Amino acid sequence: MKRFIAFLLVGSLGTFAWAGEQKKDVTERLQMATDVLSQMASAPDKGIPEEVLDSAKCIAVVPNLVKGGFILGGKHGRGVATCRTAEGWSAPAFISVGGGSAGLQIGVEGVDLIMLIMNDKGMQQLLSSKFQISGEGSAAAGPVGRHASAGTDWKMDTEMLTYSRSHGVFAGLTLEGAVVQQDTDSTISVYGRDASFQSVLQGKVATPQMAKDFMKAVTNAAHKAKAQEAREEKK
């Protein structure tokens, strides 16, 4: 009996320790994602065009995405996503990105990844909790600069525009073949249950206190883009 009680105590302590580490990891991830968005908004000439950001239905940020390898390249990272709702931006949903790509690659590089969901079809994919990014118009490397070039077709059928940031400079990134899915461990750690992507991204779950700074950065970036676009139209 004593051994059984001791086993339960050890198991409980292990669970609490895991939960504590998981919440610490999520907190750090939210802070890094906040920094990425804040820096993006402060450097429009090297970042995402205002009209692109203003048109996005959802924003996903994966800070420090690791990509690289030898012979077979790969990508892996964890991040957060939020979507527009009638009341503003939704609480953050936690995601993981993983997948491989063929080709000779040597070394490992950490980059910040931003994914913009541009239309309803892309939003439905995100709400499915797991989908694979493919080419042929569903995902494309996004345009960079203060304004999107008139020659780009990002307003056509592109469901997702992807960007990477390294050394403070944003560039379009191809993520074909990567799988985006719900990060269940982080979701449970923050919300206390396995809340679905639908419930979180459709605004049915309250934003946790630890995500307030991230949500403020999202709102500021989107508001700044809209305000800048309005000023440009008046000229």
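The values are calculated or read from the model by the stated rules, or taken from the named source; none is laboratory data. Since the structure is predicted, the reported quantities are computational estimates derived from the model, not experimental observations. Cβ: placed from backbone, ideal geometry, glycine included. Neighbour counts: every protein chain shown.
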Residue list for the range 140-180, filter: modelled with pLDDT of 75 or more and touching a helix residue (DSSP H, G or I) at 6+ places or on another chain (Cβ under 9 Å): Thr158, Glu159, Met160, Leu161, Tyr163, Arg165, Val180
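Would you call Gly69 part of a strand (DSSP E or B), at pLDDT below 70 and buried (at least 16 other Cβ atoms within 10 Å of the Cβ)? I'd like the intermediate steps shown before the answer.
Details: part of a strand (DSSP E or B): yes; at pLDDT below 70: yes; buried (at least 16 other Cβ atoms within 10 Å of the Cβ): yes.
Yes.
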From the residues in the range 186-201 that are not in a helix (DSSP H, G or I) and not hydrophobic (A, V, I, L, M, F, W, C), which one is nearest to the chain's Cα centre (by Cα)? Ser196
Restricting the range 86-97 to residues that are out of contact with any Leu (no Cβ under 8 Å at 6 or more places or on another chain) and not small (Gly, Ala, Ser), the residue that is surrounded by the fewest Cβ atoms within 10 Å (Cβ to Cβ): Glu87
